[in-house]
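First comes the structure, then the notes that go with it.
The values are calculated or read from the model by the stated rules, or taken from the named source; none is laboratory data. Computed from a predicted structure; not experimentally measured. Note that each Cβ is placed from the backbone with ideal geometry, even for glycine, and that neighbours are counted across all protein chains shown.
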Amino acid sequence: MSLSVLKRAGFVPLSSSLFSLSRTFSTSPIVWAKRDKKGKKDAKKDAKKQDKDDNEEVVLDPKAIIRDLKVRYDTTFDQYSKKLTELKMGKANPAIFDKLKVKIDDSYTATFPEIAMTAMKGTNFLNVTVFDPSHSKRIISAILEANMNLNPEVDPKNPQLLKIKLPNSTKELKAKQIKEMKELHDYYKSNAGFKDSLIAIRAAFMKDLKNVEGSKDIVKKLTTEIDSTYKTYADKLSTALKNTEKSLN
């Protein structure tokens with residue numbers, strides 16, 4: 001249904017995720033969207049335009065709302081889990097250099113994946129394969145300048161291979177990792193300024209509910225379901241954090 005049809009029907013456009021169109025003669029829709037406040041002249045004009053659209057109404061669909069809410073929360077949880085894994089891996093992560101910029105010459109700066117690839121070697125080494133051995137020194141310089149506390153060395157037998165020994169895990173390092181994990185957890189759970197946080201998503205759905213009118217029981221029940229879903233995903237974030245913390249010990 002186009003936006004123009006909704007406007008002709010006199011409804012205020014609301015979030016598409018909350019509403020579905022129903023072509024029915026039902027006299028008791030679950031929830032109707034609020035109508036625009038207009039003068040008598042505008043109302044008469046709209047009345048003529050509405051004749052052919054009398055059977056169209058905007059109806060709240062609780063199941064669709066919760067389904068959409070879970071889709072948003074699943075996306076957030078997936079993002080959180082990925083970043084949590086990266087923090088757990090620390091420097092033992094083959095993707096650690098992926099965002100690194102490597103200056104090849106005055107006219108060309110490459111991204112690391114364009115000129116090399118990284119792989120784990122056991123649990124204590126990273127091996128970097130350089131596609132063009134003439135770039136090895138440039139890559140070493142870029143890694144050293146990134147202040148990662150990593151020291152790449154060219155394999156004497158293979159100029160295209162850089163070996164990087166990873167620092168041993170310490171109590172200080174683990175404490176830093178756990179601190180960063182907790183900060184990440186709080187960011188994805190309760191940072192209202194981050195649109196993909198659980199609290200921000202909940203707030204967006206609750207705001208849409210305030211813009212509709214209809215059965216108070218239905219709205220109240222839906223509000224309870226939204227809160228319950230929020231709590232379920234908040235618990236999932238906390239459980240993932242606890243499990244990751246345990247794996248560091």
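Odds and ends about this structure:
- Qualifying residue in segment 201-222 (condition: within 18 Å of Ser81 (Cα to Cα) and either surrounded by 12 or more Cβ atoms within 10 Å (Cβ to Cβ) or of a type in the set (S, T, N, Q) (or both)): yes
- Of all residues in segment 119-162, exactly one satisfies the criterion of being of a type in the set (Phe, Trp, Tyr) and under 24 Å from Asp105 (Cβ atoms), namely Phe131.
- Flag if Leu161 is touching a residue at least 40 places away in the same chain (Cβ under 8 Å) and farther than 24 Å from Lys231 by Cβ: no
Table: residues versus (1) surrounded by fewer than 16 Cβ atoms within 10 Å (Cβ to Cβ); (2) among the acidic types (Asp, Glu).
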residue: Val102; (1), (2): no, no
residue: Ser107; (1), (2): yes, no
residue: Thr118; (1), (2): no, no
residue: Asn124; (1), (2): yes, no
residue: Ser134; (1), (2): yes, no
residue: Pro152; (1), (2): no, no
residue: Asp155; (1), (2): yes, yes
residue: Asn158; (1), (2): yes, no
residue: Leu162; (1), (2): no, no
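- Per-region count, segment 81-133, residues outside the structural domain of Val154 (by the TED database), of a type in the set (Ser, Thr, Tyr) and modelled with pLDDT of 90 or more: 1
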